[in-house]
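The values are calculated or read from the model by the stated rules, or taken from the named source; none is laboratory data. These numbers come from a predicted model, not from an experiment. Methodologically, a virtual Cβ is constructed for each residue, glycine included, from the backbone with ideal geometry; neighbour enumeration extends over all protein chains shown. All accessible areas refer to the heavy atoms of the entire protein, side chains included, with ligands and DNA or RNA removed. Shrake-Rupley method; radii C 1.70, N 1.55, O 1.52, S 1.80 Å.
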Amino acid sequence: MPQRADSTAGLCLLFDPGARPGADAVARLMEASAVSGLPASISHRPAPEAGWLELLASGLTFDLVGLDPGAPGRMVEAQQRFGFADDAVPSRGECIELVPSGHIISGAGLQPVLRTMMGLAANLVLDLPVRAVGWGPAQTWMDPRYFCRTVLNWLGGGAFPALGLTALHTAEDGSLISRGLAHFTGQEMQLEGRPDETAADTGKLAVRVIDQLVRRGRIAEPLRIDAGGKALLVEPSQVGKLVLVWREDEG
């Protein structure tokens, strides 16, 4: 078995019971160039019963773990779900995991590793009967089509998939706090709410802020940003790995 990354560092692809692919099925996808848009190949292939493969993409290696007939991969604990119709959320199944290989586990949060892994996952999901995609750092599950659409748009230069690769929850004071952003920037975000603003509008603003924070990286000193026409002050908290976001017009 490969050295296992922390389960929060990888993606979980959920299949119906008994529908997990084996190494041969994944190999056929690779050999037929079915994984399009991102050049990838198998860099290590143990016996099929081992239940895993090492994949090479953009010079980086990733382990695909939990393949049939081996034991299923570890499940992501779901706190929030995105992109599903109300009646389409799978209630059971078996998963395989896509995680950074042992020698790059320490760099699992680096942008080149994350972007390559997300692109590889999206292209696999397009060609396999995946029912849901789980992402450990944010404890989220995503509809496969939603995952592919938002991730491929991001990799093509669009907005970061804040609702999926991160998540938001409301604090007692009405502010919004991110979950999973620290995996990309080293810091979570807390956006102050306003009593005259709907929860939906605050959420939209938070999504824009998260996109900017992912583009900028770690915040080391206070700075001003514009998000959707709103002037905001962003500053690192003195306590914990947290970025505080204030409305500049509130003083």
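Answer rounded, prolate or oblate for region 46-138, using the Cα gyration tensor with square roots of eigenvalues a ≥ b ≥ c: rounded when a/c is under 1.5, else prolate when a/b is larger than b/c, else oblate.
oblate
Send over a whole-number figure in Å² for the accessible area per residue of the chain, probe 1.4 Å.
46
Quick one: pull the percent of accessible area on the chain belonging to carbon and sulfur, 1.4 Å probe, ligands and nucleic acids left out.
50
Please state the shape class of region 104-164: rounded when a/c is under 1.5, otherwise prolate if a/b exceeds b/c and oblate if not, all from the C-alpha gyration tensor.
Judged from the Cα gyration tensor, region 104-164 comes out rounded (a/c under 1.5).
Return the sequence-ordered ³J(HN,Hα) values of region 149-162 in whole Hz as given by the Karplus equation 6.51 cos²θ - 1.76 cosθ + 1.60 applied to θ = phi - 60°, using x for Gly and Pro.
Using θ = phi - 60°, the values come out as 4, 6, 5, 5, 5, 4, 5, x, x, x, 5, 5, x, 4 Hz.
Cα atoms only, the chain: Rg and Dmax in Å?
Both quantities, over Cα of the chain: 19.1, 63 Å.
Residues with beta-carbon under 14 Å from that of residue 26, excluding residue 26: net charge, scoring Lys, Arg +1 and Asp, Glu -1?
-4
Seen from all sides and averaged, what is the projected area of the convex hull of the Cα atoms in region 86-188, in nm²?
Directional mean of the projected Cα hull area for region 86-188 stands at 8.0 nm².
Would you check the accessible area of residue 125, probe 1.4 Å, heavy atoms only, in square angstrom rounded to 10?
10
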